[in-house]
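Written below as structure tokens is the structure these notes are about.
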There are 2 protein chains.
Amino acid sequence: MSRKLGIVAGGGDLPAVLIEACLAARRPCHVLALEGHAEPDKIGTTVAQDWVRPGAAGKAIEFLRAAKVEEIVFAGHVRRPSLSELRPDLRTAKFLAKGLLNGGDDQLLSGVVRELEDKEGFRVVGAETLLTDLLAPSGTLGGIPPNADDWGDIRRGVRVVQALGKQDVGQAAIVRQGVVLGVEAVEGTDALIQRCASVEPTARGGVLVKLSKPGQESRVDLPTIGPKTVAEAAAARLAGIAVEAGATLLLGRAELVNEANARGLFLVGIDTNDLPT
Amino acid sequence: MSRKLGIVAGGGDLPAVLIEACLAARRPCHVLALEGHAEPDKIGTTVAQDWVRPGAAGKAIEFLRAAKVEEIVFAGHVRRPSLSELRPDLRTAKFLAKGLLNGGDDQLLSGVVRELEDKEGFRVVGAETLLTDLLAPSGTLGGIPPNADDWGDIRRGVRVVQALGKQDVGQAAIVRQGVVLGVEAVEGTDALIQRCASVEPTARGGVLVKLSKPGQESRVDLPTIGPKTVAEAAAARLAGIAVEAGATLLLGRAELVNEANARGLFLVGIDTNDLPT
């Protein structure tokens, strides 16, 4: 029997996708849902679960041990809490005393993973290792390829997102006719797309480029798109979406591709080291 | 008598500030206001003026010649028009045929300046050369200096804005406790601040860092802050604002400093090559 998986759940669809995958594979799992981030209707009631505040690391570790979890996966987004919101317990405070809150998300997440593996003896695995068939493949998905203008916007977007990624900021940018309409920081990709929808409300075209950050702790945070991303992109009159092949989770892939085809958007998995010129 | 100055006016306060400066110095000037961008109530009626579409470069050059303008200053922001909005005349089309619209703003603006100087024989001057007493000095303005945490956020903001600037994107970022809350692209600084105000609505602190881009055509586009920037920053509960000394225009400086003091914000002119560690 495979090792029991602890799913540390934040917001969005990814926790539900992982729960589904465990049930389908008859793998034992236990959900540790983060209060204020995980969504109860997405977690459901099928699988055993505990709910904790993000600041209660001591409690969280107790729950994982009591459930006899061996491997842990982080799934879903967690809005970074302020210190006052966090109300850290002793275990959390000891961890935070290492000064990790002063860095970017990557540094913080890598610190959490190290702590759980080295100090607590869990093994932390990436969602992508459990969901390999959900990773974006290389090349055009669906029926619409990017045209030459789109590739120009993709190349510019890749350079911008990579420059930001080196600073541990965001994962996405929107580019239209060479102009960078918006760049993602903490607001998330949906908010980025919605904001760009109001720039020149009559203009069409443009590309959402979403990449993993260099050095990103992929075991905790993996770029994800789903049918909602396509709907938002269509509402913003974009021409399409480019994601990193092999490093982006596609949620609801069949629906995602159908939605893109229906709305006339391209959807392409790119290798940033090998873009068409 | 000094050379006649042509003020090519976009949106915001800067055109009015330049008109005031010319009137005070008894320097002859003529306003070329860009329709859809320049604001009639800010341009006023005191000074002779023509209004043109941004796409009518041929007409614009005729107006400037007819008014016997010798030097030109660009002032105020111009939202980048889409090609369909632009309806380029022949002169504009010839210029655009050089492919400059495919690059970033810097490339486009440098192209406009080259065209006016080399092809049309005007001299293009920077607003900052006409308004030296409006440039941000080095050090704390007003009564409140940044504290050690603020300097940490300023340093992180400088690195992020410089990385973006190298990609010819934006001029500003907002950082709180080491976290980059938002990064500016085409939406402008006010929209950036407003967006960050809704991130963790109870949290306080953070810094707006606004810099010129490396290689920025300062004769056309100069970072600018005014009392409104301070009011927005206060509404977003920021701790203060850091701008580039010698390269940022402070509009309404007395009011700006009073507003910062009254709202408890610091305001500091920084040298990015010489930040306190």
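Of the residues in region B:103-125, at least one is among the aliphatic types (A, V, I, L, M) and free of Cβ contacts under 8 Å to residues at least 60 places away in the same chain. Number of residues in region A:194-211 that are outside any loop (DSSP other than H, G, I, E, B) and more than 10 Å from chain B (Cβ to nearest Cβ): the value is 6. Applying the criterion of being within 14 Å of chain A (Cβ to nearest Cβ) and over 24 Å from the mean Cα position of the chain (by Cα) to the residues of region B:66-87, the residue that is modelled with the highest pLDDT is B:87. Please go through region B:173-205 and pick out each residue that is among the hydrophobic types (A, V, I, L, M, F, W, C) and closer than 20 Å to residue A:176 by Cα. Result: B:183, B:185, B:186, B:191, B:192. I'd like to check something: does region A:14-32 contain any residue that is among the charged types (D, E, K, R), surrounded by fewer than 14 Cβ atoms within 10 Å (Cβ to Cβ), free of Cβ contacts under 8 Å to residues at least 60 places away in the same chain and within 14 Å of chain B (Cβ to nearest Cβ)? No.
The values are calculated or read from the model by the stated rules, or taken from the named source; none is laboratory data. As the structure is a prediction and not an experimental result, all values here were calculated from the model. Don't worry about glycine lacking a Cβ; one is built from the backbone with ideal geometry, like all the others, and counts go over all protein chains shown.
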